[in-house]
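What follows is one structure encoded as structure tokens, with my remarks underneath.
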Amino acid sequence: MSKAITFSEYGAPDVLRLTEVTVPEPGPGQARIRVRAASVNPLDLKIRAGLMAGTAPARFPVTPGLDAAGVVDAVGEGAGVVVGEEVLGSAVGGSYGEYALLDGPVAKPGSLSWEAAASLVTVARTASRVLAQLGVQPGQTLLVHGAGGSVGTVAVQLATARGVTVVGTAGERDIERVTALGSTAVRYGDGWPERVRAAAPQGVDFVLDASGAGVLADSVALTGDSARVITIADMSAARHGVRFSAGGDQAGQSLRELVDLAAAGGIDVPVWRTYPLAQAAQAHADLEAHRNNGKAVLLP
């Protein structure tokens, strides 16, 4: 037996409990790891609250968590890694525990901390995927809503490195950091379309909404075409003719490529705070209250 965070009903963060669970066994292509770090993602909060029950109903008890980094403890056939290797990847059956199963794990470079490695997986894949779906090209202008958030931060870095002109909306506390990433930062809130037009007089070619802050109608107006706008956070996308990008599409760079880029300093995912595993409920509460300024990471 081992310890993991589980929940057996939808609800507020306090439904999360530290419980004893059976140690999982790896299947083909999987590795079991002794978890060193597990990232907390916004989707974890939505699943726990029941907001995804209509499309993906839970089979209780549920262990949350999409991403993890740790040391390989056991392998299934074709896992591509060996016992004792340091790896990161997407968790099958949850990552908030002492052990997790990773599907298609990737070796963790020594230059990446455990916290950074766990934080990278979903946000880097998502940012890379949506840029590929938009088809933004060097010399074009991309507006990123929520540029101070984890996905937005990576999208800004990937796009600017490709020669894309990036304008990013952000809160006051993130303006300086978003600017330092190579984009033109503008304050979000009332009047943001005018501020974006002033920052990008050449016009905006594409928009990535990573904020879910009700910006889709004005974003479509900015580009003149709903096909040039994509969101990962606003469930009203269809009403505006905008694509909602979910994880099923594997467009974009592979995790291996993204890990190599992070190891070389091309991607930085800021980690705001770490928590002991038993404090997962507090991590969820902090993210729901928007107290964080970067990733929250659990350390089993």
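The values are calculated or read from the model by the stated rules, or taken from the named source; none is laboratory data. Just so it is clear, the model here is predicted, and its values are computed rather than measured. Virtual Cβ from ideal backbone geometry, glycine too; neighbours counted across all protein chains shown.
So if I check each of R273, R243, R239, which one is under 24 Å from L88 (Cβ atoms) and either among the hydrophobic types (A, V, I, L, M, F, W, C) or out of contact with any Asp or Glu (no Cβ under 6 Å at 6 or more places or on another chain) (or both)?
R273
Is it the case, given these coordinates, that A74 is modelled with pLDDT of 95 or more, touching a Pro at 6+ places or on another chain (Cβ under 7 Å) and either of a type in the set (S, T, N, Q) or surrounded by fewer than 20 Cβ atoms within 10 Å (Cβ to Cβ) (or both)?
Taking the combined requirement at face value, the residue satisfies it.
Look through S113, S95 and report the one residue that is buried (at least 21 other Cβ atoms within 10 Å of the Cβ) and small (G, A, S).
None of the other options fit; the residue is S95.
Residues in segment 244-278 that are surrounded by 19 or more Cβ atoms within 10 Å (Cβ to Cβ) and over 15 Å from the mean Cα position of the chain (by Cα): how many?
1
Spot the failing condition for G152; the list is (1) assigned by TED's automatic domain parsing to the domain that holds E172; (2) among the small types (G, A, S); (3) assigned to a loop (DSSP other than H, G, I, E, B), and only one is missed.
(3) is the only condition that G152 fails.
Just the residues that are more than 14 Å from T141 (Cβ to Cβ) and β-branched (V, I, T), please, taken from segment 202-241.
Residues satisfying the conditions are V215, V220, I230, T231, I232.
Select from segment 1-24 the residues that are in contact with a Phe, Trp or Tyr (Cβ under 7 Å, 6 or more places away or on another chain), more than 19 Å from L287 (Cβ to Cβ) and among the aliphatic types (A, V, I, L, M) and write down the one among them that is surrounded by the fewest Cβ atoms within 10 Å (Cβ to Cβ).
It comes out as V23.
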